Each structure stands twice: as C-alpha cells, then as structure tokens.
Amino acid sequence: MTTTTEAPEGEASTVPRRQQLYREKVIAALRSEFDYPNQMMVPRLQKIVINMGVGEAVENKNRMDAAVKDLTAITGQKPLIRKARVAVSGFRLRIGYAVGVAVTLRGSRMWEFLDRLVTLAIPRIRDFRGLPKKFDGHGNYSMGLSEQSVFPEIQLDKVEFVQGMDITFVTDASTDKEGFALLTQLGMPFQKESDKN
C-alpha cells in the first residue's frame, strides 16, 4: 500500500501508493489534458468524508457502538458521533439523540483509504458495473456502499449489523469535468458509456 522513500535526514518515510501515483503521473496527465500553465493549478483531492447514518440507534443503542467500531476499523480513525438537530415524533427522535457517525480523512490516511477502496473494497461489490458519474457541480463526488463488509478490515463472522455508508470525495476542482478527470486518473472505476442500460 505504501512505498518507502528516503527522507531528507536519511530516515525512511512512507508515501501512500495513490499519493505517489498522483505526484508522478496524475499531475502530468491533467496538465496536458486541461493545459494548466502551472502545476499548482492542477486539482487535488482535499479530503474524504465517510458517513454512516444510524437511525436505528434510537431504539437499539448497540447499533451505534457497532457503527463506531466498524468505522474505526475501516478508517483507522475514531469517528465523531452526529446528533439530531431537530425532533421528529414519527421516528421517536429528540434533539440530541445520536443518529450517525462520521470521519473526515486527510493526508496519508486519506490516500491509504482511497487505495484500499479502489483495490480491495470496490472489487468485492456484488454485480458491480461501475460508479455513476453524478458530481455535485463543483467537482466533488459522493458514492454509497450498502454494507461495510466489502472492506477487508471487517470480519464477516463478527458483523453485528449490516450498515451502509456514504463516501464523499472533496476536491478543489472548479468543474465536474476536472473532478471527474482527477478521480478517474486516481483509479475510480466509473461506468463506461457502453455499460449503461
């Protein structure tokens, strides 16, 4: 997952594979595709936000504990517990009830997660035919997974509850076309036109 390089002081430091790919190939490819005069104008992946909505935690507190444990195993970072801001009587929801967990990844953890998502998790999705190309208009992309067990960190025999998640890739691209090109170069398996039914 990582490559060892020499640090300035002679100490070994690791650079995540996807970050090295970005530095060595993606920057050059995007500069030639979009004619950026300066390397600093090339879009970058700023952060990845993983969110699990756990509405069932209102009735079963174990759901929240299981979500925190699974998301910690997947990301290597302890998630924040999100609380309800409004009360909804139909769902027995009061202000302050825990309803979800979220993690924001930056730096090497972000690159490591992206690498595991593309090389290990996505290929394990049943009947996978590519990710839809629906960006938000600002170069950011969101995708959903229906269960956490596609990640190798989750042991199937220890899964207490099947839990989906939303993953958002935040870039500094100014257009969807640039964001799409960036994520495609980083290995995201988007649908090809011929795959659409």
Which condition number in (1) acidic (Asp, Glu); (2) touching a helix residue (DSSP H, G or I) at 6+ places or on another chain (Cβ under 8 Å); (3) surrounded by 13 or more Cβ atoms within 10 Å (Cβ to Cβ); (4) at pLDDT 85 or above is the one that Asp136 fails?
-> (3)
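Could you look through the range 113-127, keep only residues that are touching a strand residue (DSSP E or B) at 6+ places or on another chain (Cβ under 9 Å) and of a type in the set (Val, Ile, Thr), and pick out the one that is farthest from Gln185 (Cα to Cα)? Walk me through it before giving the result.
First pass over the range 113-127, keeping only residues touching a strand residue (DSSP E or B) at 6+ places or on another chain (Cβ under 9 Å): 113-115, 117, 121-122, 125.
Checking which are of a type in the set (Val, Ile, Thr) leaves us with 122, 125.
Values: Ile122: 16, Ile125: 21 Å.
My answer is Ile125.
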What's the number of the condition Val101 fails, among (1) out of contact with any helix residue (DSSP H, G or I) (no Cβ under 6 Å at 6 or more places or on another chain); (2) closer than 17 Å to Leu71 by Cα; (3) crowded, with 18+ Cβ neighbours inside 10 Å; (4) not aromatic (Phe, Trp, Tyr)?
-> (1)
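Run down Ile95, Ile154 and say which single residue is β-branched (Val, Ile, Thr), over 24 Å from Tyr22 (Cβ atoms), in contact with an Asp or Glu (Cβ under 8 Å, 6 or more places away or on another chain) and not in a helix (DSSP H, G or I).
Details: Ile95 fails: in contact with an Asp or Glu (Cβ under 8 Å, 6 or more places away or on another chain).
Just a single option satisfies the conditions, and that option is Ile154.
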Report, by residue number, each residue of the range 87-112 that is of a type outside the set (Asp, Glu) and modelled with pLDDT of 85 or more.
-> Val101, Ala102, Val103, Thr104, Leu105, Arg106, Gly107, Ser108, Arg109, Met110, Trp111
Exactly one of (1) in contact (Cβ under 8 Å) with a residue 60 or more places away in the chain; (2) in contact with a Leu (Cβ under 6 Å, 6 or more places away or on another chain) is unmet by Val101. Its number?
-> (1)
Going by the structure shown, is Thr168 β-branched (Val, Ile, Thr) and part of a helix (DSSP H, G or I)?
-> no
When Ala7 is evaluated against the numbered criteria (1) closer than 23 Å to Leu105 by Cα; (2) modelled with pLDDT under 85, which criterion, by number, is the only one it fails?
-> (1)
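Can you tell which of Asp115, Asp65 is crowded, with 17+ Cβ neighbours inside 10 Å and either more than 20 Å from Gln163 (Cα to Cα) or modelled with pLDDT under 85 (or both)?
Of the residues listed, the single one that is crowded, with 17+ Cβ neighbours inside 10 Å and either more than 20 Å from Gln163 (Cα to Cα) or modelled with pLDDT under 85 (or both) is Asp115.
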For Ala84, all conditions in the list (1) more than 30 Å from Pro189 (Cα to Cα); (2) of a type outside the set (Ser, Thr, Tyr); (3) modelled with pLDDT of 90 or more hold save one; what is the number of the exception?
-> (3)
Among Ser149, Ser142, which is part of a helix (DSSP H, G or I), surrounded by 13 or more Cβ atoms within 10 Å (Cβ to Cβ) and out of contact with any Gly (no Cβ under 9 Å at 6 or more places or on another chain)?
-> Ser149
Among all residue pairs at least 6 apart or on different chains, which show Cβ distances below 8 Å where the first residue, located in the range 104-124, is of a type in the set (Lys, Arg) and the second is surrounded by fewer than 20 Cβ atoms within 10 Å (Cβ to Cβ) and part of a helix (DSSP H, G or I)?
-> Arg124/Val150
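The values are calculated or read from the model by the stated rules, or taken from the named source; none is laboratory data. All values reported here derive from a predicted model rather than from experimental measurement. Every residue, glycine among them, receives a Cβ derived from its backbone with ideal geometry; neighbour counts consider all protein chains shown.
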